[in-house]
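Structure record follows, encoded as structure tokens.
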Amino acid sequence: MLDSYANIDRRYLPQIADRRVSSDGTRKYVLQLHDGALVETVGIPHGNASDPRRLTVCFSTQSGCAMGCAFCATGKLGLTRNLEPAEMVWQVALVGSNFGHRADSAIAMGQGEPLANYAALVESLGFMNGAQGFGIDKRDLVVSTCGIPNGIRAFAEDGVPATLAVSLHAARQELRDKLMPGVRAFPLARLRSELARYNEVSGKRVIIQYLMLDGINDQDEDFEAIEQFCRGLDAHVSLLRFNRADGIPFAPSAFGRMLVWSAELNQHGIPASINKPRGADVDAACGQLASQLNQAG
Ligand code: SF4
């Protein structure tokens, strides 16, 4: 049980196997766990990179991932194993130590589907939020899921101290099934009703993440589908720019297209913004570095 620093098992402290620093100050790490499994962790400084005002850590919840998303390098690795709560906490502590700045926010958006490792995730978030742990405000803890309905229900009912973000990436069923085969069993209609329930039970807004892929999910029919999906939900749409990756046959949508989508969603009464990409020059998209190390090893 993680309830104080003294209880974080030192055996789970990872080693830095590789670190790359982006021109924007973002640091991407490949960490080696005690049994040799690899994970990726990203440190994103805000303000001056060598003396940041704030530091966000994007941490992994699994080594590899079973979800097989078509746009993700980790999806090609497959799942190695679930992470222990201490292995999640150590990622955040290690990156903070490397920057010489405590993490102000932490996002479960590295390798893995967080809700597929639910109990360990919740324990780690409790520590990150707790006064005996990192003391990170619950509004600054975010969990990004592909959208596993039972997990979303538990997340709301358990009052997990974090904000829920859902990777939508397509609001047309046929396209989503191709892009995100790991959630094929959970149709969009079920996901939507679970998110409405999440709004009701938690009283919180959900973040809808949408990675815009040129000519794939950024057509007029896709806009209509996402507008329809979000209508009536308490949701904020975060449009994400794709980082190109070797072996992944997609390209980012034109920035103008993203601007138009953002403006039009807002006009339709759906809050939306464009998420500025960080660390694109160091393969900061999920799975890109670990897969290079795996290929080299
Ligand atoms: S995007 Fe996330 S859920 Fe999908 S394969 Fe990659 S790590 Fe897994």
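The values are calculated or read from the model by the stated rules, or taken from the named source; none is laboratory data. It should be emphasised that the depicted structure is a prediction, and the values quoted were computed from it without experimental measurement. Every residue, glycine among them, receives a Cβ derived from its backbone with ideal geometry; neighbour counts consider all protein chains shown.
Going by what's in this entry, would residue 23 be described as away from the ligand (no atom under 16 Å from the Cβ) and either among the β-branched types (Val, Ile, Thr) or within 21 Å of residue 280 (Cα to Cα) (or both)? Judged against the criteria, residue 23 is a match. Apart from one condition, residue 87 fits all of (1) closer than 25 Å to residue 209 by Cα; (2) buried (at least 24 other Cβ atoms within 10 Å of the Cβ); the exception is (1). Selection over segment 88-110 of residues that are under 21 Å from residue 138 (Cβ atoms) and away from the ligand (no atom under 15 Å from the Cβ) gives a count of 12. Give me the pairs: first residue in segment 57-75 and closer than 18 Å to residue 210 by Cβ, second residue assigned to a helix (DSSP H, G or I) and basic (Lys, Arg), beta-carbon distance under 8 Å, and six or more apart or on different chains, which are they? Filtered contacts from segment 57-75: 70/178. Restricting attention to segment 121-140, which residues are more than 16 Å from the chain's Cα centre (by Cα) and either among the acidic types (Asp, Glu) or within 16 Å of the ligand (Cβ to nearest atom) (or both)? Selection gives 123, 137. Within segment 184-208, residues that are surrounded by 16 or more Cβ atoms within 10 Å (Cβ to Cβ) sit with their Cβ atoms under 6 Å from residues that are among the polar types (S, T, N, Q) and assigned to a strand (DSSP E or B), at 6+ positions apart or across chains, in these pairs: 207/238. Screening residue 51 with (1) touching a residue at least 60 places away in the same chain (Cβ under 8 Å); (2) acidic (Asp, Glu); (3) out of contact with any Gly (no Cβ under 6 Å at 6 or more places or on another chain) gives one miss only, at (1). For segment 244-262, filtered to residues that are on the phi < 0 side of the Ramachandran plot and loosely packed, with under 12 Cβ neighbours inside 10 Å, the residue that is modelled with the lowest pLDDT is 246. Only residues that are in contact with a helix residue (DSSP H, G or I) (Cβ under 9 Å, 6 or more places away or on another chain) and within 16 Å of the ligand (Cβ to nearest atom) were counted in segment 182-210, giving 7. Determine which member of the set 274, 248 is closer than 21 Å to residue 179 by Cβ, in a strand (DSSP E or B) and of a type outside the set (D, E, K, R). That would be 274, the only listed residue that is closer than 21 Å to residue 179 by Cβ, in a strand (DSSP E or B) and of a type outside the set (D, E, K, R).
In the set (1) part of a loop (DSSP other than H, G, I, E, B); (2) out of contact with any Ser or Thr (no Cβ under 7 Å at 6 or more places or on another chain); (3) more than 25 Å from residue 21 (Cα to Cα); (4) of a type outside the set (A, V, I, L, M, F, W, C), residue 228 fails one condition alone, (1). Of all residues in segment 1-17, those being buried (at least 16 other Cβ atoms within 10 Å of the Cβ) and more than 20 Å from residue 134 (Cα to Cα) number 1. Please tell me if residue 113 is away from the ligand (no atom under 14 Å from the Cβ) and over 28 Å from residue 47 (Cβ atoms). So residue 113 does not fit the description; no. Of the residues 66, 73, the single one that is within 15 Å of the ligand (Cβ to nearest atom), surrounded by fewer than 18 Cβ atoms within 10 Å (Cβ to Cβ) and among the hydrophobic types (A, V, I, L, M, F, W, C) is 66. Apart from one condition, residue 290 fits all of (1) more than 21 Å from residue 221 (Cβ to Cβ); (2) modelled with pLDDT of 90 or more; (3) in a helix (DSSP H, G or I); the exception is (2). Suppose the filter is in contact with an Asp or Glu (Cβ under 6 Å, 6 or more places away or on another chain), of a type outside the set (S, T, N, Q), modelled with pLDDT of 95 or more and more than 11 Å from the ligand (Cβ to nearest atom); does residue 57 pass it? Answer is no for this residue.
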